[in-house]
Amino acid sequence: MNIHEEILAKSEKNGSVSLYRHLKDVADIASVIASNEGLDVPTARNGALLHDIGKASSIFQKTLKPNYRPKPGAYFRHEIASLLFLSLVREGQKGEVVEMVVSHHKSVVKDALDLGLLDLDEYGDCFDVHSEGFASWSPVALEILESLGIETHPISMTEARENYEFAVEYCKKKRESDCSLWKGLLMAADHMASALEFKEDIAADKIFIKPNLSCYDRRSELYPLSLLTQVSQVLNI
């Protein structure tokens with residue numbers, strides 16, 4: 001099932017990938033990576049499903065049109081719009097999901113283009129910019145998320161603002177030097193999904209298959225080193 005195929009994650013020149021398809025692919029890959037790296041799989045999946053949901057915004061969809069020309073000084077970051085749905089994940093996942101969503105393209109603060117969440121928050125209109133038309137486009141976003149397995153509910157503007165403010169405060173408490181395994185996980189899954197999006201199905205369950213290297217266990221007098229079993233013997237220690 002691929003609902004709302006008209007809502008795109010990428011423009012026509014970049015493949016016209018539907019938002020539903022992209023979110024599903026990233027979530028499938030993120031789940032496998034998390035499982036193999038010892039990270040919480042439900043958190044990884046929810047963060048992956050939310051990471052680009054802000055692309056359902058009518059503002060973002062306009063940017064994908066061939067004749068789109070941005071207004072001078074205008075800005076819109078789909079990642080920030082995605083944070084407005086943060087209350088759809090349980091309390092214990094919110095911090096990790098913020099890490100996955102907010103900085104998978106830009107730095108949180110002191111971004112090279114001053115487009116980080118905390119950079120933009122200083123302007124005072126960041127929430128207003130990213131929640132424009134929210135009542136119109138959020139139901140479509142919720143339908144996409146519901147179809148991908150997230151339990152949803154209507155999100156009011158008040159709830160959306162609370163989600164935004166939670167993310168801002170969380171990021172303020174994190175040190176600039178802090179690295180994030182969750183950000184790394186999301187970026188890896190996101191890039192891999194984009195690289196494989198031309199395939200009809202992504203075999204995410206095969207990402208971490210251990211290769212069969214038994215052919216290298218063969219021993220023969222023709223290859224003396226193959227008969228050695230101790231590193232000390234190889235190094236003549």
- prompt: Could you give the distance between the Cα centres of the stretch 128-163 and the stretch 4-18, to the whole Å?
  reply: 20 Å
message: If you take every residue apart from ILE144 with its C-beta less than 13 Å away from the C-beta of ILE144, what net charge results, scoring Lys and Arg +1 and Asp and Glu -1?
response: -2
- line: Computed for the stretch 87-237: size of charge dipole around the Cα centre, +1 on C-beta of each Lys and Arg, -1 on C-beta of each Asp and Glu, debye to nearest 20, value 1060 debye
task: Give me D for the chain in µm² s⁻¹, whole number, from Stokes-Einstein with Rh from the Kirkwood sum over alpha-carbon pairs, 20 °C and 1.002 mPa s.
output: 109 µm²/s
message: What are the ³J(HN,Hα) couplings of the stretch 211-227, residue after residue, when phi is run through the Karplus curve with 6.51, -1.76, 1.60 and θ = phi - 60°? Round to Hz, x for glycine and proline.
response: x, 7, 9, 4, 4, 7, 8, 5, 10, 7, 5, 5, 10, x, 5, 5, 8
Rounded accessible area per residue of the stretch 63-160, 1.4 Å, Å²: 49 Å²
field: Fraction of alpha-carbon pairs over 22 Å apart in the stretch 1-130 - percent
entry: 41 percent
- line: In cubic angstrom per residue, the convex hull of the stretch 18-79 built on its Cα atoms measures 90 Å³
- prompt: So what J values fall out for the stretch 142-152 if you push phi through Karplus, 6.51 cos²θ - 1.76 cosθ + 1.60 with θ = phi - 60°, rounded to Hz, Gly and Pro as x?
  reply: 5, 5, 5, 5, 4, 5, 9, x, 8, 6, 10
query: Is the stretch 130-183 rounded, prolate or oblate when judged by the Cα gyration tensor, a ≥ b ≥ c being the square roots of its eigenvalues, rounded requiring a/c under 1.5 and prolate requiring a/b larger than b/c?
result: oblate
- request: For every helix of n ≥ 4 consecutive DSSP H residues, a contribution of -39,500 (n - 2.57) applies; sum these over the chain, divide by its total residues, and give [θ] at 222 nm rounded to the nearest 500 deg cm²/dmol.
  value: -13500 deg cm²/dmol
task: Pick out, from ALA203, LEU222, SER82, the residue whose Cα sits farthest towards the positive end of the charge dipole of the chain, with +1 on the Cβ of Lys and Arg and -1 on the Cβ of Asp and Glu.
output: LEU222
statement: Heavy-atom accessible area of the stretch 49-193 with neighbours in place, 1.4 angstrom probe: carbon+sulfur share in percent works out to 52 percent
query: Say the cut-off is 26 Å between C-alpha atoms; which of LYS24/LYS183; LYS174/LYS206; LYS62/LYS106 go over it?
result: LYS174/LYS206
query: How high is the relative contact order of the chain, in percent, counting Cα pairs under 8 Å that sit 6 or more residues apart?
result: 23 percent
- request: Mind pulling the angle between the C-alpha long axis of helix 157-173 and the longest principal axis of the chain? Nearest 10 degrees, somewhere in 0 to 90.
  value: 50 degrees
- prompt: What net charge is computed for the residues neighbouring LEU196, neighbours being all others with C-beta under 13 Å from the C-beta of LEU196, Lys and Arg scored +1, Asp and Glu -1?
  reply: -2
- prompt: If R0 is 25 Å, what FRET efficiency do you get for GLU146 and SER58 from their C-beta distance, rounded to 0.05?
  reply: 0.80
message: Let me make sure I get this right: for the stretch 82-191, a, b and c are the square roots of the gyration tensor eigenvalues over alpha carbons, sorted descending. Under 1.5 in a/c it's rounded, otherwise prolate if a/b > b/c, else oblate. Which is it?
response: oblate
- request: Identify, among ASN46, VAL32, ASN163, the residue whose Cα sits farthest towards the positive end of the charge dipole of the chain, taking +1 on the Cβ of Lys and Arg and -1 on the Cβ of Asp and Glu, with the dipole about the Cα centre.
  value: VAL32
task: Return the whole-Å distance between the Cα centroid of the stretch 20-83 and the Cα centroid of the stretch 106-127.
output: 18 Å
task: Collect residues whose amide H, placed 1.01 Å from N in the peptide plane, falls under 5 Å from the amide H of SER18; neighbours closer than 5 in sequence don't count.
output: ALA9
message: Applying a 10 Å radius around every beta-carbon, put 58-66, 79-87, 183-191 in order of their mean neighbour count, most first.
response: 79-87, 183-191, 58-66
query: Per-residue HN-Hα couplings for the stretch 122-136, Karplus 6.51 cos²θ - 1.76 cosθ + 1.60 at θ = phi - 60°, whole Hz, x for Gly and Pro?
result: 5, 6, x, 10, 4, 5, 4, 4, 8, 9, 4, x, 4, 4, 8
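The values are calculated or read from the model by the stated rules, or taken from the named source; none is laboratory data. Owing to the predicted nature of the structure, the values given are computational and were not obtained by experimental measurement. When we count neighbours, we look across all protein chains shown, and the Cβ atoms used for this are built from the backbone with ideal geometry, even at glycine. Heads up: the accessible areas ignore ligands, DNA and RNA and are worked out on the full protein's heavy atoms, side chains in. Shrake-Rupley method; radii C 1.70, N 1.55, O 1.52, S 1.80 Å.
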